[in-house]
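Novice: This structure is in structure tokens; I'll ask about it shortly.
The values are calculated or read from the model by the stated rules, or taken from the named source; none is laboratory data. Values in this document were obtained by computation on a predicted structure and should not be read as measured data. All Cβ positions, even for glycine, are placed from backbone atoms using ideal geometry, and neighbour counts span all protein chains on display. Surface accessibility is based on the protein's heavy atoms, side chains included, excluding ligands, DNA and RNA. Shrake-Rupley method; radii C 1.70, N 1.55, O 1.52, S 1.80 Å.
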Amino acid sequence: MKKITIAIDGFSSCGKSTMAKDLAREVGYIYIDSGAMYRAVTLYSIENGIFNGDVIDTEKLKKEIKNIRISFQLNKETGRPDTYLNGVNVENKIRSMEVSSKVSPISTLDFVREEMVAQQQAMGKEKGIVMDGRDIGTTVFPDAELKIFVTATPEIRAQRRYDELKAKGQEASFDEILENVKQRDYIDQNREVSPLRKAEDALLLDNTHLSIEEQKEWLFGQFNKVSK
Ligand SMILES: Nc1ncnc2c1ncn2[C@@H]1O[C@H](COP(=O)(O)OP(=O)(O)OP(=O)(O)O)[C@@H](O)[C@H]1O
Ligand SMILES: Nc1ccn([C@@H]2O[C@H](COP(=O)(O)O)[C@@H](O)[C@H]2O)c(=O)n1
């Protein structure tokens, strides 16, 4: 079977990484969560005085962007890749509400995107990769053989995230999560550089009423059609 490139884009918290990870594991592909990379840059910015409240010191970040090394390592317990920032495991920290509330403004910066896209393209140059994000099918891998664009209602997406945080024993407010989901969707769709949009040749999947198992089956069906 030939190795292909799979781009899974879509709105916040709609299940992109759940689908992408499952497919990558089953078919032996690399899985990259590109959102984790933008989250890691955001965490770096929070921890290194680049934020003054909500204001970003873009000159400082521009100088330091080349010093931000992001990598992924398989976590044997979860069977999923953890995100490392300059050699430190930041998988839990990058999922905090503080990072979630600051990541979309960081992602609008052209020099941040340039650096992330270059790293993502290097990771995918041998194909055999599933990457999820916002601009994978449009900018990072415009020639991907399989492109999926996932959506679901904001309320169902917020509910899924709320349930996930609750299950992990983390404090969560449904209203705060819903507001964050809507705010990120707005910024992601309206930024100048690589806004979130469906690539013309992407398949649309609305998983509002699909279970994890049903969406997995659908994705595998698409993969089998394209990779033959
Ligand atoms: N079809 C589904 N039905 C119910 N829950 C789902 C479904 N798909 C994913 N989930 C759950 O929804 C939550 C969000 O999923 P996931 O993290 O995969 O979304 P995402 O699109 O990658 O999010 P983000 O944009 O924040 O990276 C997770 O708890 C996941 O288990
Ligand atoms: N290709 C991408 C991926 C993500 N972003 C930005 O990062 C935020 C967090 O991503 P999650 O997938 O973890 O939700 C997201 O809201 C975008 O602002 C991006 O710009 N491009």
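Novice: Among the residues of the range 18-60 satisfying the criterion of being over 20 Å from the mean Cα position of the chain (by Cα) and acidic (Asp, Glu), which is least open to solvent (accessible area, probe 1.4 Å)?
Specialist: Asp57
Novice: Right, another one. Only one of these is closer than 16 Å to Met116 by Cβ, surrounded by fewer than 13 Cβ atoms within 10 Å (Cβ to Cβ) and of a type outside the set (Phe, Trp, Tyr): Lys76, Lys66. Name it. Can you show your working first?
Specialist: Values: Lys76 fails: closer than 16 Å to Met116 by Cβ.
Lys66 is the lone residue from the list that is closer than 16 Å to Met116 by Cβ, surrounded by fewer than 13 Cβ atoms within 10 Å (Cβ to Cβ) and of a type outside the set (Phe, Trp, Tyr).
Novice: Quick check, is Glu115 outside any loop (DSSP other than H, G, I, E, B), in contact (Cβ under 8 Å) with a residue 24 or more places away in the chain and of a type in the set (Asp, Glu)?
Specialist: On the way: outside any loop (DSSP other than H, G, I, E, B): yes; in contact (Cβ under 8 Å) with a residue 24 or more places away in the chain: yes; of a type in the set (Asp, Glu): yes.
Criteria met by Glu115.
Novice: Could you tell me whether Lys63 is away from ligand 1 (no atom under 16 Å from the Cβ), closer than 24 Å to Leu219 by Cβ and either within 13 Å of the chain's Cα centre (by Cα) or not in a strand (DSSP E or B) (or both)?
Specialist: Working: away from ligand 1 (no atom under 16 Å from the Cβ): yes; closer than 24 Å to Leu219 by Cβ: no; either within 13 Å of the chain's Cα centre (by Cα) or not in a strand (DSSP E or B) (or both): yes.
Here the answer is no, as Lys63 does not meet what is asked.
Novice: Can you tell me how many residues within the range 153-187 are under 16 Å from the mean Cα position of the chain (by Cα) and not in a helix (DSSP H, G or I)?
Specialist: Final tally of qualifying residues: 0.
Novice: Still on this model: Return the residue satisfying two criteria in turn: it lies in the range 88-106 and is assigned to a helix (DSSP H, G or I) and among the β-branched types (Val, Ile, Thr), and of such residues it is surrounded by the most Cβ atoms within 10 Å (Cβ to Cβ). Before you say what the answer is, go through the steps one by one.
Specialist: Step one: of the range 88-106, the residues assigned to a helix (DSSP H, G or I) are 93-95, 97-106.
Narrowing the set further to residues that are among the β-branched types (Val, Ile, Thr) leaves 94, 99, 103, 106.
On the way: Ile94: 25, Val99: 20, Val103: 23, Ile106: 23.
Checking each candidate, the answer is Ile94.
Novice: Also: Checking the structure you have, find out if any residue of the range 24-35 is outside any helix (DSSP H, G or I) and under 15 Å from Glu114 (Cα atoms).
Specialist: no
Novice: Do the conditions hold for Lys127, that is, is it open to solvent by 30 Å² or more (accessible area, probe 1.4 Å) and either among the basic types (Lys, Arg) or at pLDDT 95 or above (or both)? Explain how you work it out, then say what you get.
Specialist: Details: open to solvent by 30 Å² or more (accessible area, probe 1.4 Å): yes; either among the basic types (Lys, Arg) or at pLDDT 95 or above (or both): yes.
Yes; evaluated as a whole, the condition is true for this residue.
Novice: Looking at (1) within 16 Å of ligand 2 (Cβ to nearest atom); (2) open to solvent by less than 10 Å² (accessible area, probe 1.4 Å), find the lone condition where Ile4 falls short.
Specialist: (1)
Novice: Something else: Would you mind finding the one in Leu85, Leu109 that is surrounded by 13 or more Cβ atoms within 10 Å (Cβ to Cβ) and farther than 29 Å from Gly28 by Cα? Reasoning before the result, please.
Specialist: Values: Leu85 fails: farther than 29 Å from Gly28 by Cα.
Within the list Leu85, Leu109, the selection yields Leu109.
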